[in-house]
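What follows is a single structure, written as structure tokens, with notes after it.
Here, each number is a calculation from the coordinates, and none is a lab measurement. Everything quoted here is computed from the prediction, not taken from an experiment. So basically every Cβ, Gly included, is an ideal-geometry build from the backbone, and we count neighbours across all protein chains shown.
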Amino acid sequence: MANVRILLADDHAMLRDGVRMVLESHPGFEVVGTADNGRDAVRLAEELQPDIAVVDVAMPELNGLEATRAIRNTSPETAIVVLSMHEGEEYLREALRAGAAGYVLKRAAAKELVGAINAVRRGDKYLDPALTDTLISDYVRQVERGDDTPDSLTERELEVLKLVAEGHTNRQIALQLNISIKTVQTHRANLMDKLNLHDRTELVRYAIRRGLIQP
């Protein structure tokens, strides 16, 4: 059986070298290229056509999610495993939406990455087991607080939610939507009440989770 050809993309040299050692110590794995930024990862994926690309989320030039989307477009036969330090549901959701087949936490890379590569090579999805409890807890919290969906919000509330999450002030939102600052404040209060959220940080997380903005 032919070796599994792997492209490894991470901007931290020590971590990249460590992951490469782990992979190359496993029979049947061959690291055919490495990249320290997202743009080079996309270029090398198109040039080398590896079976698997292991891609770090946080990279310069193109982040891992942008690189994942680009690789899926230019090298559709390459399956992608995302390496991430983030355990939140919103990051996992965005990685899968970008086209990743696997999601492994950096702190567990040495233990989980081999299994992830074998799984996605078979055509399966792979989720780091450490995320299971986090996802269940997030779901329980949403149920307990009666978490809503964008469809139950008005069109104007969705507009305000997106702009708040993008970091605009009440004054900027008022100017952009041609409404009064007081009306913006009313919409924000209604959003908080409907979604049972308590501050802007929770609004941002909600907007990311629902795909209204990119992380």
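Near residue 213, the amide H atoms lying under 5 Å from its own belong to 208; only residues 5 or more places off or on other chains count, and H is placed 1.01 Å from N.
Treating the beta-carbon of each Lys and Arg as +1 and of each Asp and Glu as -1, no other charges, what is the dipole magnitude of segment 4-135 about its Cα centre, to the nearest 20 debye?
Working: 15 positive and 22 negative charges, 56 e Å.
I would put it at about 260 debye.
If I take every Cα pair under 8 Å that is 6 or more residues apart in the chain, average their sequence separation and divide by the length, what percent do I get for the relative contact order? Reported relative contact order: 14 percent.
Put a dot 7 Å past the Cα of residue 196, heading toward its Cβ, do the same for residue 96, and the two dots end up 2.3 nm apart. Among 100, 53, 189, whose Cα lies farthest out toward the positive end of the dipole of the chain, if unit charges sit on the beta carbon of Lys, Arg (+1) and Asp, Glu (-1)? Of the options given, the answer is 189.
What residue among 66, 94, 77 has the largest mean-square fluctuation in a Gaussian network model of the chain, using Cα springs under 10 Å? Residue with maximal mean-square fluctuation among 66, 94, 77: 77. In the chain, the inverse of the mean reciprocal separation of distinct Cα atoms equals 18.8 Å; this is its Kirkwood hydrodynamic radius.
Treating the angle as unsigned and between 0 and 90°, give the value, to the nearest 10°, between the Cα long axis of helix 89-98 and the longest Cα principal axis of the chain. Value to nearest ten degrees: 60.
Using a Gaussian network model of the chain in which every pair of alpha carbons under 10 angstrom is joined by a spring, one finds that among 186, 74, 34 the greatest mean-square fluctuation is at 186. The long axis of helix 181-195 is offset from the longest Cα principal axis of the chain by roughly 60 degrees.
Take the Cβ-Cβ distance between residue 12 and residue 166 as r, set R0 to 25 Å, and report the resulting FRET efficiency rounded to the nearest 0.05. Could you put the intermediate results ahead of the total?
Working: r = 29 Å, r/R0 = 1.16.
Plugging the Cβ-Cβ distance into 1/(1 + (r/R0)^6) gives 0.30.
For the residues 40, 193, 11, a GNM of the chain with alpha-carbon springs under 10 Å puts the largest fluctuation on 193.
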